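Data first, discussion second: the structure below is written as structure tokens.
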Amino acid sequence: SNFKFLENSLKYFLNFVKMKFSTEELLQGILAQDKRILGKAITLIESKKPEHRVLAEELLKKILPYAGKSVRIGITGVPGAGKSTFIESFGKFAISQGKKVAVLAIDPSSSVNKGSILGDKTRMEELAKDENAFIRPSPSSGFLGGVANTTFETMLICEAAGYDYILIETVGVGQSEVLVADISDVILLLKVVGTGDELQGIKRGLMEMVDVIFINKVHEENLKEARMHRSELIHALQFQHPKEKDWKVPVLLGSALHNEGLDEVYEKISDFISLKIKTGRLEEVRKIQAEKRFEYWVHQYILSATKSTHELENQFESHKKNASELKSNPSSEAKIFVESLLNKKL
């Protein structure tokens, strides 16, 4: 039996060195909260290689029975609002309350080479060291919406690993960022005073999607200004159609850097989730979100199918060229190509 144990240990070690695991080994590593294997599984999910996509789909099928039990929190706000500092402080607070926290920090990607700084782990150094936390920086790869195109699937992996709170830090790119609502249970908007953006958030439509607002970086010197800003936000919210019945969006003040106001944020998020569970909205909204992911992947696979043969790829490039040179309307070119692809009039 000792020989068998050594044999299995050697096999596991060699697999890890080669970074090659079966989906069953990945599943067991995920369920055991092995952070190295968890990272490997996410890398597999993020890969665009066809052979990796097959394995990723197999892994996702295996982990689904273990997913769905976390609270998914989308954290948004303009650059400079203190998202990373807030996430580290809030994550540590949640852990102090007995929770396990996973952070999916989406880094802005270069529009030229899709490269990304991926620096959030260094900005959340204390949280990264905690055994009850897992931080995964992922490049957005130019994907609109402030999230990476596999953030939803990565979130499921983290849920299967037993993390209670999934904190999704978006890149803070403005209006397109509202798409983070399609993968979150609660949207937390971070605001700051004195930056000139006090009312721009309302104009962008962000106010229509938020569930909790936290005015960050409040201190004695700007407390009066922060309270005025809170009053403005509360007034503006009165003219918004409520996203959730019987929920009044709270506007809280505090400082993530000095751990002030985090207990209120934690309490309000808990209250909001409890309300959604009670009304059945949590399950209802998650079903809608899953449907949107289905539609997203339908688009991706159809686009991928255009390169399945040289004939199709040439046809696709020809129509794209016509569109780029404005020989015809781009939407018309797209319709002609899809009708040809499906062999059906649209």
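The values are calculated or read from the model by the stated rules, or taken from the named source; none is laboratory data. Keep in mind it's a predicted model, so treat the numbers as computed, not measured. Cβ placement follows ideal geometry from the backbone for every residue including glycine, while neighbour counts extend to all protein chains displayed. For accessibility, only protein heavy atoms count, side chains too; no ligands or nucleic acids. Shrake-Rupley method; radii C 1.70, N 1.55, O 1.52, S 1.80 Å.
Name the residue that is farthest from V193 (Cα to Cα), counting only residues in the range 229-257 that are free of Cβ contacts under 8 Å to residues at least 24 places away in the same chain and not charged (D, E, K, R).
Taking the range 229-257 as the starting set, the residues that turn out to be free of Cβ contacts under 8 Å to residues at least 24 places away in the same chain are 230-231, 234-235, 238-239, 242, 248.
This time we only want the ones that are not charged (D, E, K, R), so: 231, 234-235, 238-239, 242.
Working: S231: 12, I234: 15, H235: 16, Q238: 21, F239: 22, P242: 25 Å.
Among those residues, the one meeting the criterion is P242.
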> Out of the residues in the range 203-242 that are of a type in the set (A, V, I, L, M, F, W, C) and more than 21 Å from G254 (Cβ to Cβ), which is modelled with the highest pLDDT?
Replying inline: M209
>> If a residue counts only when it is within 24 Å of the chain's Cα centre (by Cα) and hydrophobic (A, V, I, L, M, F, W, C), which helices (runs of 4 or more DSSP H) contained entirely in the range 242-346 have at least 1 such residues?
In response: 262-279, 281-305
> If you check K307 against the conditions, is it at pLDDT 95 or above and of a type in the set (K, R)?
Replying inline: no
> Which helices (runs of 4 or more DSSP H) does the range 75-185 wholly contain that include 3 or more residues that are at pLDDT 70 or above and not hydrophobic (A, V, I, L, M, F, W, C)?
Replying inline: 83-96, 125-129, 151-160
> Taking the range 232-252, which residues are open to solvent by less than 70 Å² (accessible area, probe 1.4 Å) and among the polar types (S, T, N, Q)?
Replying inline: Q240
> In the set K287, K268, which member is modelled with pLDDT of 90 or more and loosely packed, with under 12 Cβ neighbours inside 10 Å?
Replying inline: K287
